[in-house]
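The values are calculated or read from the model by the stated rules, or taken from the named source; none is laboratory data. Keep in mind the model is a prediction, meaning the values are calculated, not measured. Cβ atoms come from the backbone with ideal geometry, glycine included; neighbour counts cover every protein chain shown.
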């Protein structure tokens, strides 16, 4: 497979990320191929997809970036990543461990800020781990919502220290 280094997509968006990352461009670092559908306002990437925006990182088998026109500017509305599993990592606070999510489908919605992991979903932040068919993180309200869950929660250890 031939990896294509794609030029960066400059997008004004909010994110679940650090405040300083919000104005950074979203970079498609790698994909084997892409398709642009102007009528649907979306770009699809296939094969070994890696996306970064500051501390945010998404890895997937395929990825769809949907946009909408806001005052004449194309602005990302959501990103859908699929894989076995797809992976999402973001640093929400510079003094804590990153949040990591895995799922067969990851749907990142820009506004309101949220990410939904579906299908064998798993979340880890520091020593805290959760597994569920679905895991949703509401970035605006900083809430984690799951379906039927299993995992471990160690209050006060979100920064990843002393996990043993």
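Screening the range 102-152 for strands (runs of 3 or more DSSP E) wholly inside it with 3 or more residues that are touching a strand residue (DSSP E or B) at 6+ places or on another chain (Cβ under 7 Å) and at negative phi returns the ranges 114-125, 128-138, 143-146.
Against the test of being surrounded by 18 or more Cβ atoms within 10 Å (Cβ to Cβ) and either under 13 Å from residue 59 (Cα atoms) or in contact (Cβ under 8 Å) with a residue 12 or more places away in the chain (or both), the options 98, 112 yield a single qualifying residue, 98. When we screen 103, 160, 72, 83 for residues that are under 28 Å from residue 35 (Cα atoms), out of contact with any helix residue (DSSP H, G or I) (no Cβ under 9 Å at 6 or more places or on another chain) and at pLDDT below 85, the only hit is 72. Scanning the range 106-125 for residues that are closer than 18 Å to residue 89 by Cβ and modelled with pLDDT under 85 turns up 110, 113.
Counting only residues that are in a strand (DSSP E or B) and either on the phi > 0 side of the Ramachandran plot or surrounded by 14 or more Cβ atoms within 10 Å (Cβ to Cβ) (or both), which one in the range 84-95 is farthest from the chain's Cα centre (by Cα)? Checking each candidate, the answer is 85.
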